[in-house]
Amino acid sequence: MQQKLEALRAEIESAMQKTETGRALYEVKVKFQTGLKGVMSGMKDLPKEDRPAFGKIVNEFKQNMEEKFAARETVVKKMEMDKKYAAERIDITMPGKAYKAGALHPITLVKNQLIDIFAGMGFKVFEGPEIETDYYNFTALNTPKDHPARDMQDTFYLADNLLLRTQTSAGQIRVMEKETPPIKILSPGRVFRSDDDATHSPMFHQMEGLVVDKGITLCDLQGMLAEFARKMFTSSTKVRLRPSYFPFTEPSVEVDLSCSECGGKGCRLCKGTGWIEVLGAGMVNRHVLENCGVDPDEYTGFAFGMGIERIAMLKYGINNIKTLFENDTRFLTQFEE
Ligand code: PHE
């Protein structure tokens, strides 16, 4: 019996030494208990007087082995923790992952800059709806149904009387209907036209300006635009007004800026003319003032409308409008401030 106990001890101790996990140690313990049961079952074959002494030996053996298991458990637990920590180890000397911060889109940058420039001249911002009625987008702007000027803007109609606004000029009417002069507003927003090539997109942004007060003249328009040109481009940028036509302004002008690329000498950008067309403008047509309940004999006003994409393209030397809408970050990151 004694020998059997010694054999069991040797076997269990060597198995115990090899364990590295709590699970393996538990399995050895089960094996030990089964082995011990086996040895104890031989007890009935012992002479009766020897049994108490052997019982004592078994108890001591069991206690001794349990201490060994407890000691091994401490070692195995530490091994497990060490392994876990090693796996979770963070090398604080490694370079970190940099998360890229977003930045403003060039159209937003130019829009904000325009607002800054005109806010400095006392303009307030008004934003009108993108879905407009035929009345605000055309009729009230002196462009009734069947007016040939409607052909200039290929319109997306949603219903007979509803459309995606083709111009932020619709906002002029909304403001003049509500407010009494003096009026000085700036109206940025998306507009939509069925138009699509390298310099036109079916959706683009405009910035509208409207000033109505007593004694406003075309000279006020020219002066404000000159200030805008100097601030948006260079201090030597010049403004030129050319006669044009819009149903809602009279007289109407097309506004050119001296080419920022060649300074007016003539280059590829300005097609050799030294000037670049940037916006439409004019004195608010008296019919438009009347439509909004403003007395044209008391008040006059000017309005202008420019494409924000066009300004961004000129300012940053972008030759295809599509790049502004593709959202390719390789393009957009160039404008990060
Ligand atoms: N709404 C005109 C356009 O989109 C621009 C414009 C605005 C012209 C205001 C004159 C006055 O072409």
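Before moving on, here are some points about what is shown:
- Over the stretch 2-88, the pair-distance histogram of Cα-Cα distances with 10 Å bins from zero comes to 16, 42, 24, 12, 5, 1 percent, rounded to whole numbers.
- Using the Cβ-Cβ distance between Asp295 and Ile131 with R0 set to 41 Å, the FRET efficiency from 1/(1 + (r/R0)^6) comes to roughly 0.85.
- Only Lys, Arg, Asp and Glu carry charge here, each on its Cβ (+1 for the first two, -1 for the last two); on that basis the stretch 1-74 has a dipole of about 200 debye about its Cα centre.
- Sorted largest first, the spans of the alpha carbon positions of the chain along the three principal axes are 135, 48, 35 Å.
- Rounded to the nearest whole Hz, the Karplus-based 3J(HN,Hα) values (6.51 cos²θ - 1.76 cosθ + 1.60, θ = phi - 60°) of the stretch 58-71 follow the sequence 4, 4, 4, 4, 4, 4, 4, 5, 5, 4, 5, 4, 4, 5, with x at glycine and proline.
- Added length on full extension, which subtracts the Cα-Cα distance from 0.36 nm per residue, Glu179 to Ala10: 50.7 nm
- Per-residue surface analysis assigns Thr74 an accessible area of about 90 Å², computed on protein heavy atoms at 1.4 Å probe radius.
- Local net charge near Lys271, Cβ-Cβ under 13 Å (Lys/Arg +1, Asp/Glu -1): -1
- Using equal-weight Cα scatterers in the Debye expression, the normalised intensity of the stretch 196-281 in log10 at q = 0.16, 0.17, 0.24 Å⁻¹ is -0.74, -0.83, -1.28.
- Considering only Phe118, Val253, Gln63, and ranking their Cα positions along the charge dipole of the chain that arises from unit charges at the beta-carbon of Lys, Arg, Asp and Glu, the one farthest toward the positive end is Gln63.
- With every protein chain in place and a 1.4 angstrom probe, the accessible-area ranking of Arg9, Arg89, largest first, reads Arg89, Arg9.
- Legend: translational diffusion of the stretch 105-210 by Stokes-Einstein, Rh = Kirkwood radius over C-alpha pairs, 37 °C, 0.692 mPa s; D = 225 µm²/s.
- Amide hydrogen neighbours beyond the local backbone of Leu279, cut-off 5 Å, H modeled: Val255
- Ranked order, Glu326, Glu277, Glu227 - accessible area, probe 1.4 Å, largest first: Glu326, Glu277, Glu227
- Heavy-atom SASA rank of Met43, Met79 (probe 1.4 Å, accessible area, largest first): Met79, Met43
- Extended-chain gain in nm, criterion 0.36 nm per residue less alpha-carbon gap, Thr74 and Thr217: 42.1 nm
- Of Lys18/Lys84; Lys18/Lys62; Lys48/Lys68; Lys238/Lys271; Lys238/Lys315, those spanning more than 24 Å from alpha-carbon to alpha-carbon: Lys48/Lys68
- Backbone N under 20 Å from the Ala86 label point (7 Å along Cα→Cβ), restricted to the stretch 1-27: 17-25
- Contact order, relative form, for the chain: 15 percent (alpha carbon pairs under 8 Å, 6 or more residues apart, mean separation divided by residue count).
- Contact order, relative form, for the stretch 1-93: 42 percent (alpha carbon pairs under 8 Å, 6 or more residues apart, mean separation divided by residue count).
- At R0 = 56 Å, FRET efficiency that the Cβ-Cβ distance of Thr329 and Thr34 yields, to 0.05: 0.25
- Absence of a disulfide-compatible partner, taken as no other cysteine beta carbon within less than 4.7 angstrom, is noted in the chain for Cys219, Cys292.
- Glu277/Glu337 FRET efficiency (R0 30 Å; Cβ-Cβ; nearest 0.05): 0.60
- Cα-Cα separations in the stretch 250-337 greater than 19 Å, expressed as whole percent: 57
- Taking the Cα centre of the chain as origin and assigning +1 to Lys and Arg Cβ atoms and -1 to Asp and Glu Cβ atoms, the resulting dipole is close to 2180 debye.
- Computed from backbone phi, the HN-Hα couplings of the stretch 132-142 come to 10, 8, 3, 4, 5, 6, 10, 4, 5, 8, 6 Hz, rounded to whole numbers (Karplus: 6.51 cos²θ - 1.76 cosθ + 1.60, θ = phi - 60°; Gly and Pro given as x).
- Each of Tyr135, Pro296, Met152 was scored by the projection of its Cα onto the charge dipole of the stretch 106-335, and the greatest displacement toward the positive side belongs to Met152; charges sit on the C-beta of Lys, Arg, Asp and Glu.
- Signed unit charges on C-beta, dipole axis of the stretch 9-123, positive-most listed residue Ile90, Thr108, Leu36: Leu36
- Checking the cross-link pairs Lys31/Lys56; Lys100/Lys265; Lys100/Lys184; Lys37/Lys77; Lys31/Lys83 against a 30 Å limit on the alpha carbon distance flags Lys100/Lys265; Lys100/Lys184 as lying beyond it.
The values are calculated or read from the model by the stated rules, or taken from the named source; none is laboratory data. Quantities reported herein were computed from a predicted structural model and do not represent experimental measurements. Neighbour counts are summed over all protein chains in view; Cβ atoms, including those assigned to glycine, are modelled from backbone coordinates with ideal geometry. These accessible areas exclude ligands, DNA and RNA; they are computed on the full protein's heavy atoms, side chains included. Shrake-Rupley method; radii C 1.70, N 1.55, O 1.52, S 1.80 Å.
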